[in-house]
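Taken together, the values in this text are just the output of simple stated rules run on the coordinates, not laboratory data. Keep in mind the model is a prediction, meaning the values are calculated, not measured. Note that we place each Cβ from the backbone using ideal geometry, even for glycine, and neighbour counts take in every protein chain shown.
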Amino acid sequence: MTSVEVTDRVVGSSSAAPRTGGSEALLTINAGSSSIKFALFDADDLDRRLAGQIEGLGNAPSFRAHDLRSGRSEHNAWDASYGPRTHREALSWIIDWLEGHESGLQVAAVGHRVVHGGLHFTTPVLLDAHVVEQLAALNALAPLHQPHNLAGITAARDTFRDVPQVACLDTGFHRAQPFVNDTFALPRSLYDEGVRRYGFHGLSYEYIAGRLLDLYPLHAAGRVIVAHLGNGASMCAVRDGQSVASTMGFSALDGLPMGTRCGQVDPGVLLYLMQNKAMDAEAISNLLYRQSGLKGLSGGLSNDMRVLEASESREAGDAIDYFVFRIKREMGGLAAALEGLDAVVFTGGIGENSKLVRQRVLQGMEWLGIELDDARNRAGEVVISTDRSRVLALRLATDEEAMIARHTRRLALPVLAGQAADRAGS
Ligand code: AMP
């Protein structure tokens, strides 16, 4: 493939007809550090048309997309020095591709995943220049995620002028947590200025809470632990659909070990690194975010659970052991926070796909009322506990994009109706 021409374009913003017709779409964008994931939904019924991503931005970018209606997939990789280099270029390439793929594409609204809403944004919010500014002011709280989310927003707002756009916050679901799970035992002034346990993966937890309500309403009204185990990993205690406690804290580093992130670590270790190894903030940040977790523990072998499971090395085994141990330990703590347990849900790439991790986490958890059904777990069924297990154990796919689409539709519809009324009146 060759490089991509980048132009400023206005897409779907100047139609004279009200944008509520059947061919209109909602676009969701999840801009990460080196990737942009996107999905296109029918604006009317939120049926997903397609999903895809550009990954490897800044290195060796590649594109893949899957059309859910035709079942066809597309995959392109660029030669080393070609391809989109920035989020803006990547988004522009995605729009070009979407327009080629979907004839007469009309994007009615755009929804964005934003990792941090700070203290102010507890629910999804319509984007305008002021909100973008407020979200940018939170960059320091999530330096490795928030600026990329905002790069995606800026690129989309430049491209889809006049199209309502919505920010969906990963922290929002947890904001009503009680003080004891919201704070650290640090001087009160730090809490007041926002040094708090925000918790993340909120869109995933919100989606799972909704799924549980559909599938098992009695359990959904009770005490549930959701384990979102992916490249990023955290766990959340949910009571009656509300977040009560979570393992991630101020940053997306705390709690469980992750692909390359450390999870819980004694702050004394950081002092040691600064005082005895002359490591500065950048070096420590690199260590904690990129060199630790499964990758660090496996001696640099991999951050991918599939690779670790297939490896016979002692370090790979140690990494899985630690991962499993921390999940079990947190499960005990979260059950205590809930004062009991009615259901456990595994989700995320590892939670959904690794029979081994689910089996090892639930082994020996009978004291908590969980009895694993090995055959169901191996078969990848939704219910993986036995019929006589007091606690229901489930394996559910998460869908953050669907959650973004729902929020976006809800907030964008009144704006679209207002725009249509203005056009009719003018
Ligand atoms: P996520 O961040 O939720 O997309 O999860 C990505 C992670 O899921 C990958 O890094 C893998 O470690 C893990 N994963 C995906 N498929 C499998 C599988 N079949 N077995 C074990 N782990 C898997």
Arg390-Gln264 FRET efficiency (beta carbon distance; Förster radius 25 Å; 0.05 resolution): 0.30
The chain: angle of helix 267-276 to the longest principal axis, Cα-based, in degrees nearest 10: 90
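For Arg390, Arg358, what's the fewest-to-most ordering of other Cβ within 10 Å of each Cβ? Write down the numbers at each step before the final one.
Working: Arg390 14, Arg358 26.
Ascending number of Cβ neighbours within 10 Å: Arg390, Arg358.
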Percent of C-alpha pairs per 5 Å bin, the range 301-360, short to long: 4, 16, 25, 23, 15, 9, 6, 2
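How big is Rg to Rh over the range 182-221, alpha-carbon atoms, Rh as the Kirkwood inverse-mean-distance radius?
1.28
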Fully extended contour minus Cα-Cα distance, from Asp321 to Glu193, at 0.36 nm per residue: 42.3 nm
Order of Phe184, Phe160 under a 10 Å beta carbon neighbour criterion, fewest first: Phe184, Phe160
Span from the the range 280-315 Cα centroid across to the the range 124-173 one, whole angstrom: 30
Spherically averaged projected area of the range 266-371 from its Cα convex hull (nm²): 8.4
Shape box of the range 160-250 [Cα atoms, principal axes, largest first, Å]: 44, 44, 25
Helix axis angle, 281-290 relative to the chain longest principal axis, alpha carbon, degrees: 80
The chain: angle of helix 314-338 to the longest principal axis, Cα-based, in degrees nearest 10: 90
Largest to smallest principal axis extent of the C-alpha atoms in the range 368-426, angstrom: 65, 21, 14
Separation in nanometres of the label points that stand 7 Å from Cα toward Cβ, at Ile284 and Asp44: 5.6
Exposure proxy order (Cβ contacts within 10 Å, fewest to most) of Val125, Val115: Val125, Val115
Cα-derived Rg over Rh, computed across the range 30-189 with Rh taken as Kirkwood radius: 1.02
Cut-off under 5 Å, modelled amide H: who pairs with Gly249 long-range: Gly199, Asp254
The range 144-297: radius of gyration over Cα atoms, expressed as a fraction of 2.2 N^0.38 Å: 1.20
Eligible lysines near Lys37 by straight Cα distance, threshold 16 Å, same-chain separation 8 or greater: none
At 1.567 mPa s and 4 °C, Stokes diffusion of the chain via Kirkwood alpha-carbon radius, µm² per second: 57
